[in-house]
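A short worksheet on the structure shown next.
Please treat every number below as a calculation from the coordinates, not as lab data. Here the structure is a predicted model, which means the values were calculated and not measured. Quick reminder, even Gly has a Cβ in these numbers, built from the backbone with ideal geometry, and neighbours come from all protein chains shown.
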Ligand SMILES: Nc1nc2c(ncn2[C@@H]2O[C@H](COP(=O)(O)OP(=O)(O)O)[C@@H](O)[C@H]2O)c(=O)[nH]1
Ligand SMILES: [Mg+2]
């Protein structure tokens, strides 16, 4: 799974990315193929099942602190997008292309209104961050439209002439954007285009379809960043009202970065996503104390967290509807090396015991006989739909 961090320049994308990917863990272990320069590993936070079993887990990847388990997701930091990006403004096309494989997006905006549409610094409160939500939505729609339109006439004619399956053909054509047959099918229905020949779609219909697919394949959450600035509070309240279709998360990436760095230097004790932290005042100078007290009062006190963890969790669990599931045995939660609950997988809600088996290993999927729900101590079949936090043992034929 890949989450893209996007927005215009200077809103705090890189700070968000840096804070979200800063963790004291070995990332050589992670099963992702190649890590490009602007990509990194962030973590979503879940309640670890080890607490229910009254044990302490030993994650192979990610980490677990006080029974909060952190599971890896891949993040990319996309360079600033400005109005006109889809026409190539500010290298926009190149940056948009980086987003093709993303499953969900976190749109970082500057809630303090201190940067204009190009990302230049202006007087705080003088720019309306609502404009950023509008322009970026439009850029993404136009980007999808542009990709669809490329050779569309010829494409539509071929579908007609060779009597190809519309759903399959469009899904294949747009698979680079993570478009599936189901997305195409749903979108055709929603837009009333299911019975129309693509050759006959007018511009408006083509745009509606592109926009529909964009919303389905690049679901987005808004991180209203710089919430530590006084002027941000009212802006955020207003954005929440005016953009009710979006989840708007007050966020202070700067604060999250400061807390994670201080934790790394062992002067603060903070678990990402928590509403509080402990500081060791004897190790802090006056400036550090002041900065940390500011975060405590104006970010955690006012908003309940720095928002960075909430934005990531929101993207994976609310937008993408994932659940987390552990492999484990009825008699033993350890692997052969003695590690307790070493693995935990993120799966789409609705996944079955068989999907899980294939996720653990293709061979385990192929030789699946039955599974056990370890928490309920009950056998379950192939088609059994898994729940969030399940521990599943798979019995195989060999
Ligand atoms: N007040 C405040 N400033 C922030 C925050 N996050 C980032 N910034 C500042 O915003 C500026 C741009 O940050 P950067 O991460 O480089 O933005 P990018 O261009 O979107 O990647 C820098 O001066 C950051 O220190 C935040 O949460 N609060
Ligand atoms: Mg940047």
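Whole number please: convex hull volume per residue of the Cα set in the stretch 122-252, in Å³? Provide the component values of the computation, followed by the final result.
Numbers: hull volume 16.0 nm³, N = 131.
Measuring per residue, one finds 122 Å³ for the Cα hull of the stretch 122-252.
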*Taking neighbour counts of Cβ atoms within 10 Å as a proxy for exposure, in what order, fewest first, do 361, 43, 86 appear?*
361, 86, 43
*First obtain the Kirkwood hydrodynamic radius of the stretch 225-300 from its Cα pairs, then insert it into the Stokes-Einstein equation at 37 °C and 0.692 mPa s, and state the resulting D in µm² per second as a whole number.*
243
*Beyond 40 Å, what percent of the Cα pairs of the chain remain?*
24
*Label-point separation (nm) for residue 358 and residue 237, each offset 7 Å from Cα along Cα-to-Cβ?*
5.0
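So, by mean Cβ neighbours within 10 angstrom, what's the order for 189-199, 310-320 with the highest one leading?
Values: 189-199: 14.0, 310-320: 22.0.
Highest mean packing first, the order is 310-320, 189-199.
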*Translational D (Stokes-Einstein, µm²/s) of the stretch 190-255 at 4 °C and 1.567 mPa s when Rh comes from the Kirkwood sum over C-alpha pairs?*
89
*Alpha-carbon gyration tensor eigenvalues x 5, square-rooted, for the stretch 258-398, Å*: 42, 17, 11
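Checking a compactness column here: for the stretch 325-396, what do you get for Rg(Cα) / (2.2 N^0.38 Å), N being the number of residues? Spell out each step's value before the answer.
Values: Rg = 11.0 Å, N = 72, 2.2 N^0.38 = 11.2 Å.
Ratio of Rg to 2.2 N^0.38 Å for the stretch 325-396: 0.99.
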_Using Cβ counts within 10 Å as a stand-in for footprinting exposure, how do 77, 132, 186 rank, fewest first?_
186, 77, 132
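If you wrap a convex hull around the Cα atoms of the stretch 1-153, how much volume per residue is inside, in Å³? Present the calculation step by step, with values, prior to reporting the outcome.
Values: hull volume 23.1 nm³, N = 153.
Considering the Cα atoms of the stretch 1-153, their hull volume per residue is 151 Å³.
At 222 nm, what helix-only mean residue ellipticity would the chain give, in deg cm²/dmol to the nearest 500, using -39500 (n - 2.57) for each DSSP H run of four or more?
For the chain, the value works out to -9500 deg cm²/dmol.
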*Using only the alpha carbons, work out the radius of gyration and Dmax of the stretch 212-339 in angstrom.*
18.8, 56
*Counting only DSSP beta bridges with both residues in the chain, what percent are antiparallel, rounded to the nearest 5?*
60
*When only Cα pairs under 8 Å and 6 or more residues apart are kept, what is the percent relative contact order across the stretch 141-214?*
43
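I need the peptides 210-222, 369-381, 8-20, 273-285 ranked by packing, meaning the mean over residues of other C-beta atoms within 10 angstrom, with the highest value on top.
So the peptides 210-222, 369-381, 8-20, 273-285, ranked by packing, come out 8-20, 210-222, 369-381, 273-285.
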*Kirkwood Rh, angstrom, the stretch 64-107 [1 / mean 1/r, Cα pairs]*: 12.5
*18 Å tail of the calculated P(r), the stretch 264-337, as % of Cα pairs*: 59
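Sorting check: for 223-233, 150-160, which peptide has the highest mean count of neighbouring beta carbons within 10 Å, and how do the rest follow? Walk me through the numbers before you get to the answer.
Values: 223-233: 23.1, 150-160: 13.9.
In decreasing order of mean packing, 223-233, 150-160 become 223-233, 150-160.
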*Cα Rg, Dmax (largest Cα-Cα span) when computed across the stretch 141-214, Å*: 10.9, 29
*Value of relative contact order over the chain, rounded to a whole percent, pairs C-alpha under 8 Å and six or more apart*: 17
*Normalised by the residues of the stretch 163-307, what does the relative contact order come to in percent, with Cα pairs under 8 Å and at least six apart?*
17
*How many Å³ per residue does the convex hull of the Cα positions in the stretch 331-371 occupy?*
94
